[in-house]
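The values are calculated or read from the model by the stated rules, or taken from the named source; none is laboratory data. Owing to the predicted nature of the structure, the values given are computational and were not obtained by experimental measurement. We place every Cβ from the backbone using ideal geometry, glycine too, and count neighbours over all the protein chains shown.
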Amino acid sequence: MVTVLFFVLLFFVFCTLNNFYIENIKRSLMAEAFFISSSVKLALDSGRYQEVQNIAAVFRSRFSRGLTIVDGQGNKIISSGEIKLNGLPLGDILKGKNYAENDVVRIMVFREFRASVPVILENGAVLAVVVGLLPVDVAKIISINLLFVVFTFSGVLFSTFMWKKTRFLIKPLETMVDVTRNFAQGNFARTVHVNSQNEIGQLSRELNLLARRLRITLEEKEEGKMLMSELMKSLEDGVVVVDVETRIVFINASACQLVGADSKGAEGKKLISVIRHYELDEAVKEAINRGTPNYKEITLLPRDKTLKVRIAPCRDKEGKISGCIIVMKDLTEIKHIEKMRTDFIANVSHELRTPLTSIRGFIETLMDGAYKDPTLAKRFLRIIEKEVGRLCRLIDNMLDLSRIETNQLRLNIKDVSAGEIIKEVILIFDNRLREKDLTYYENVPEGLPKVKADPDWLRQIFVNLMDNAIKYTPSGGKIWIEAEPKGDVVEFRVCDTGIGIPEEDLPRIFERFYRVDKTRSAGSGGSGLGLAIVKHLVRAFGGDIWVESKVNQGSKFIFTLKKFSKS
Ligand code: ADP
């Protein structure tokens, strides 16, 4: 396209210049012809024939032009410079018309460039003055034209060659621009293929190498980011990153769970609007302002979570504080265990102190002289024996519970006929039932399926529940045991019409040392561990236990045990 345009342009320039040049020569030839014709007319009208010869000679030598004068019959009167007359419309000229060579092709082919004007003498004769370029000058015009044509074609050829050459160079450069644009958009899959050994080939290879390295670096970075995000997700600790304005930049799933925030939409929000804790917000601001780490233990309400928080400021490349990282550790469980431990020690101490104080009191009384009275001494010693028995039971219960809780108890789980065990247990309590005037009956169907349990410990379960039922049912009350197969379990119910348990105490009734009312059970000689042991044993057999109770109406302790399957 460019070559064609260039060619057309050159051709146009060539034609314009050539026309201008030829037109100029034509005009000067015409002017010269007019000048000669008027000079010839003057000379011939005055009869100075010799002067016409002189004019021709001067014209030839000074102007390098040929001159021919033709009479009315077409005969040459004067001729200098070999001007040919062929092709001239002599008839028209002699009739009074001017002529100038107009056809470029004719000029080129016949090498003739002429102009002619008529000379009308006073005597009426008409002559024709023909002025023309000498053949050598026409040849010069032709050679200039040829030179121009050669120059034009060489220009066209050169531009075509240059175009081809630059196409060869530009094409890979265009591809490279395109590929680098792809790089800028993060697409490194495209490469440039230039096989040449020149600088462009080398540049393309370097570009491909750069793309590969960038791709590897980006992939590594991406992998690192993914690893980091997976790591953050799997962390049990909550991690929150905030900027200097305490706006959340990152928050992991654990942090959202700890503070009860929605994982979506938390990022970009102010810390205080996500974790509604004024003290924590202040501690974070303080860490940012001071540039030093801060530690805090906070309690989040209403979920009652205790968190240990470490706030570490982070800096950018120039060392300026860019925000901080907040790491939150959930201490709720540890706090709970700590509380359980202190409660346990307090409870054990309390349980031990009561019988020990009593024993000590009786020993002191005996030593103060009571031993001299055998009846009194015997009574005191019985009380001491009872208290020691209570201490032993307490210690035994504690050991049992500890063994069950730490899975140290070797359970001999097998198919057990619960009905027989219930009958054995009732025999133990027969006396006490009668002493307290309690009615006992059972509702255990014949052929009750056997259950999966350790028979000795199942006996212990019924003993503990029956013991409580007798203890907490006033005289004249009723106690009964029910058993009912339900699906793949057998449900057992130890029921009484006793004092019952207030609703608010029901959730805690199976806790160690928990007593509904210390005063009402203190005299009962219980350790407060009976139900805790029952719960752990039932769970160890794969069953479940719960209680239904109403104050002054009675209680039902219900537990399930899996039916024994032959497989
Ligand atoms: P304790 O040795 O004090 O009886 P337990 O663990 O066996 O300890 O029972 C815990 C508490 O549950 C008792 O102190 C009593 O307040 C209450 N409790 C247990 N069984 C009954 C029941 N059948 N009726 C009413 N209260 C009961």
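Does ILE288 satisfy the condition of being in contact with a helix residue (DSSP H, G or I) (Cβ under 6 Å, 6 or more places away or on another chain) and closer than 16 Å to CYS324 by Cβ? Answer is no for this residue.
Looking at PRO455, PRO474 in this structure, which one is surrounded by fewer than 19 Cβ atoms within 10 Å (Cβ to Cβ) and within 29 Å of VAL516 (Cβ to Cβ)?
Just a single option satisfies the conditions, and that option is PRO474.
Checking each residue of the range 193-204 against the condition of being surrounded by fewer than 11 Cβ atoms within 10 Å (Cβ to Cβ), modelled with pLDDT of 80 or more, outside any loop (DSSP other than H, G, I, E, B) and not acidic (Asp, Glu) gives no match. Against the numbered list (1) of a type in the set (A, V, I, L, M); (2) under 23 Å from VAL551 (Cα atoms); (3) away from the ligand (no atom under 12 Å from the Cβ), ILE470 comes up short only at (3). Looking only at residues in the range 425-451 that are assigned to a loop (DSSP other than H, G, I, E, B) and away from the ligand (no atom under 15 Å from the Cβ), the one that is farthest from the chain's Cα centre (by Cα) is ASP437. ASP304 passes every criterion in (1) among the charged types (D, E, K, R); (2) at pLDDT below 90; (3) within 27 Å of LEU231 (Cβ to Cβ) apart from (3). Identification of strands (runs of 3 or more DSSP E) wholly contained in the range 452-554 with 2 or more residues that are touching a residue at least 60 places away in the same chain (Cβ under 8 Å) and in contact with a helix residue (DSSP H, G or I) (Cβ under 8 Å, 6 or more places away or on another chain) yields 489-496.
Looking at ASN397 and the list (1) touching a residue at least 12 places away in the same chain (Cβ under 8 Å); (2) assigned by TED's automatic domain parsing to the domain that holds VAL551, which single condition is not satisfied? Only one criterion in (1) touching a residue at least 12 places away in the same chain (Cβ under 8 Å); (2) assigned by TED's automatic domain parsing to the domain that holds VAL551 is unmet by ASN397, namely (2).
Kindly indicate whether any position in the range 43-56 is within 16 Å of LEU133 (Cβ to Cβ) and surrounded by 12 or more Cβ atoms within 10 Å (Cβ to Cβ).
If we filter the range 43-56 for residues that are within 16 Å of LEU133 (Cβ to Cβ), which is where we start, we get 56.
Still in the list and also surrounded by 12 or more Cβ atoms within 10 Å (Cβ to Cβ): 56.
Yes, the range 43-56 contains at least one residue that is within 16 Å of LEU133 (Cβ to Cβ) and surrounded by 12 or more Cβ atoms within 10 Å (Cβ to Cβ).
Within the range 276-289, identify whether any single residue is modelled with pLDDT of 90 or more, surrounded by 14 or more Cβ atoms within 10 Å (Cβ to Cβ), within 24 Å of the chain's Cα centre (by Cα) and of a type in the set (A, V, I, L, M, F, W, C), and answer yes or no. No; the residues of the range 276-289 include none that is modelled with pLDDT of 90 or more, surrounded by 14 or more Cβ atoms within 10 Å (Cβ to Cβ), within 24 Å of the chain's Cα centre (by Cα) and of a type in the set (A, V, I, L, M, F, W, C).
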